[in-house]
Each structure stands twice: as C-alpha cells, then as structure tokens.
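Asker: Here's a structure for you.
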Amino acid sequence: DELKKFFIAQRKQLQHEFYLPTVKEFLNETLAIVSDAVGREVATLEECMELTHKELYLILAKVSLFSRACNYLIEAYYICGLTLTALSKEYKEGFKMDTFLKRYKEVFESERKLKRIIKYQESYSVPLSKSSLQYFIHTGIVASNAGYYAVSDAVKLSEVLAKVESDLTSQLS
C-alpha cells in the first residue's frame, strides 16, 4: 500500500508537465519493467516486496540510468517554491506573471551559483517556470485572480518546499 501511495504521489507531482498514463497503466508498465529486469513474470506489487537482493540489484542495474531523468522538473518546483516564498513576503496583495518570471530567473541563478541543490541548467526556462507555477495553483497553494497571483496557503507552501528540498538532497547523496 505504501509503494502504491508513493507511485501515485510521484505521478500527481508531475501530472501538469506531460501526458501520463492512468494509474492502472502506470502500475502495469512498472510490473513489466520489473519482470523484464529480473527475467521472470512479476504480476503484483506484493511480489515486488518478495524480490531477492539479487533481483533488486538487477532492477537497479536496468533502470538506474533513468532514475534522475525528471530531476530538472523537481528542481523547477523547488525554484518556484523559493520564488513564491520571496514574492509572498514582498507582494502581500499579489504579483503579476512578469514579476514572477523575473524573480524566478533571479532565484534560479542564485541557487545555481550556490551549487547546493540545483544541478541542471534545464531547470530554468520560461515555459517550465510557468508550468511550475501551475502546479502550485492546482494544489491550492497559489490563487490566481485577474492576472494577479498570491500565495493562499503559506503553511502548505513551506511543507511542499521542504519535501521537494528533501527529495533533491537525498538524491544527491
């Protein structure tokens, strides 16, 4: 159940970036990849929990090249969260898209120079910064009204930002 919740949370986090399969298709594809990696049919998540260390290593060897393929998207969420935090303190009534895009670029450049978490140049683009903002709008953290944006749930913003930062730092180690 926890593995299923993890996969669903990962899918939900990326659903605004590109087409994703249904949960059923996603789980079926996951099981097909696991089956291919271990060389035998694995039909359920329960069977995944019973894999041997050798089989887990085979899976790791097969998919490790792709494990960080979407990191630049998560980095963009991190930059967006930092940007929203800064703008919410400076613009209590809300800010326009131009202000957001300018600050996003400034935050990105600053974080990239620090070399602490941000590793990918691809984490910055205008379309990506806009879709990152959409993620925060769809999660109810940011409200949009007549061309102005405002953080409507600062606590949830802090929680999401901490989780994304934790995910990125754990991947670095």
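Asker: Under the condition of being modelled with pLDDT under 90 and hydroxyl-bearing (Ser, Thr, Tyr), which residue from region 1-56 is surrounded by the fewest Cβ atoms within 10 Å (Cβ to Cβ)?
Answerer: Of everything passing the filter in region 1-56, Tyr19 is surrounded by the fewest Cβ atoms within 10 Å (Cβ to Cβ).
Asker: So, in region 111-131, of the ones that are out of contact with any Asp or Glu (no Cβ under 9 Å at 6 or more places or on another chain) and within 27 Å of Glu93 (Cβ to Cβ), which residue ends up least open to solvent (accessible area, probe 1.4 Å)?
Answerer: Among residues in region 111-131 that are out of contact with any Asp or Glu (no Cβ under 9 Å at 6 or more places or on another chain) and within 27 Å of Glu93 (Cβ to Cβ), the one least open to solvent (accessible area, probe 1.4 Å) is Ser129.
Asker: Counting just the residues of region 161-173 that are open to solvent by less than 30 Å² (accessible area, probe 1.4 Å) and modelled with pLDDT of 90 or more, which one comes out nearest to Thr99 (Cα to Cα)? Before you say what the answer is, go through the steps one by one.
Answerer: The first filter runs over region 161-173 and keeps only residues open to solvent by less than 30 Å² (accessible area, probe 1.4 Å), leaving 161, 164, 168.
Those still in the list that are modelled with pLDDT of 90 or more too: 161, 164.
Values: Leu161: 20, Val164: 23 Å.
By that ranking, first place goes to Leu161.
Asker: Does Leu27 fit the bill of being under 24 Å from Ile8 (Cβ atoms), in a loop (DSSP other than H, G, I, E, B) and either of a type in the set (Val, Ile, Thr) or more than 18 Å from the chain's Cα centre (by Cα) (or both)? Please lay out each step first, then the result.
Answerer: Details: under 24 Å from Ile8 (Cβ atoms): yes; in a loop (DSSP other than H, G, I, E, B): no; either of a type in the set (Val, Ile, Thr) or more than 18 Å from the chain's Cα centre (by Cα) (or both): yes.
No, not satisfied.
Asker: Moving to a separate point now. Condition (residue is of a type in the set (Asp, Glu) and in contact with a Phe, Trp or Tyr (Cβ under 8 Å, 6 or more places away or on another chain)) applied to region 119-139: is it met by at least one residue? Break it down stepwise before answering.
Answerer: As a first pass, look at region 119-139 and keep what is of a type in the set (Asp, Glu): 122.
Keeping just the survivors that are in contact with a Phe, Trp or Tyr (Cβ under 8 Å, 6 or more places away or on another chain) gives 122.
Checking region 119-139: at least one residue is of a type in the set (Asp, Glu) and in contact with a Phe, Trp or Tyr (Cβ under 8 Å, 6 or more places away or on another chain).
Asker: Right, another one. Look through region 145-157, keep the residues that are surrounded by 15 or more Cβ atoms within 10 Å (Cβ to Cβ) and in a strand (DSSP E or B), and return whichever of them is nearest to the chain's Cα centre (by Cα).
Answerer: Within region 145-157, the match that is nearest to the chain's Cα centre (by Cα) is Val151.
Asker: Considering only residues of region 85-114 that are in contact with a helix residue (DSSP H, G or I) (Cβ under 8 Å, 6 or more places away or on another chain) and small (Gly, Ala, Ser), which is farthest from Asp153 (Cα to Cα)?
Answerer: Ala86
Asker: Are any residues in region 49-104 more than 21 Å from Leu161 (Cα to Cα) and touching a Phe, Trp or Tyr at 6+ places or on another chain (Cβ under 9 Å), and if so, which ones?
Answerer: Glu93, Lys96
Asker: Which members of region 86-130 meet the condition of being assigned to a loop (DSSP other than H, G, I, E, B), of a type in the set (Gly, Ala, Ser) and more than 17 Å from Gly147 (Cβ to Cβ)? Let's see the steps before the verdict.
Answerer: Here is the first cut: in region 86-130, the residues assigned to a loop (DSSP other than H, G, I, E, B) are 91-94, 115-120, 124-125.
Now drop any that are not of a type in the set (Gly, Ala, Ser), which leaves 94, 125.
If the condition is that a residue be assigned to a loop (DSSP other than H, G, I, E, B), of a type in the set (Gly, Ala, Ser) and more than 17 Å from Gly147 (Cβ to Cβ), then Ser125 is the only one that fits.
Asker: While we're looking at this one, here's another question. Name the one entry in Phe136, Phe100 that is more than 30 Å from Ile33 (Cα to Cα), within 14 Å of the chain's Cα centre (by Cα) and open to solvent by less than 40 Å² (accessible area, probe 1.4 Å). Walk me through how you get there before you give the answer.
Answerer: Details: Phe100 fails: within 14 Å of the chain's Cα centre (by Cα).
Exactly one residue qualifies, and that residue is Phe136.
Asker: Out of all the residues in region 60-97, which are at pLDDT below 90 and either of a type in the set (A, V, I, L, M) or open to solvent by less than 40 Å² (accessible area, probe 1.4 Å) (or both)?
Answerer: Within region 60-97, Leu60, Ala61, Val63, Leu65, Ala69, Asn71, Leu73, Ile74 qualify.
Asker: Further question: Take region 41-60 and flag every residue that is in a loop (DSSP other than H, G, I, E, B) and not charged (D, E, K, R). Spell out the reasoning first.
Answerer: Narrowing region 41-60 to residues in a loop (DSSP other than H, G, I, E, B): 41-44, 49-52.
Across region 41-60, the qualifying residues are Val42, Ala43, Thr44, Met49, Leu51, Thr52.
The values are calculated or read from the model by the stated rules, or taken from the named source; none is laboratory data. Predicted model, so just to flag it, every value in this text is computed and none were measured. A quick note on method: Cβ atoms are made from the backbone with ideal geometry, for glycine too, and the neighbour counts reach across all protein chains shown. Calculation scope for accessible area: heavy atoms of the full protein, side chains included, ligands and nucleic acids excluded. Shrake-Rupley method; radii C 1.70, N 1.55, O 1.52, S 1.80 Å.
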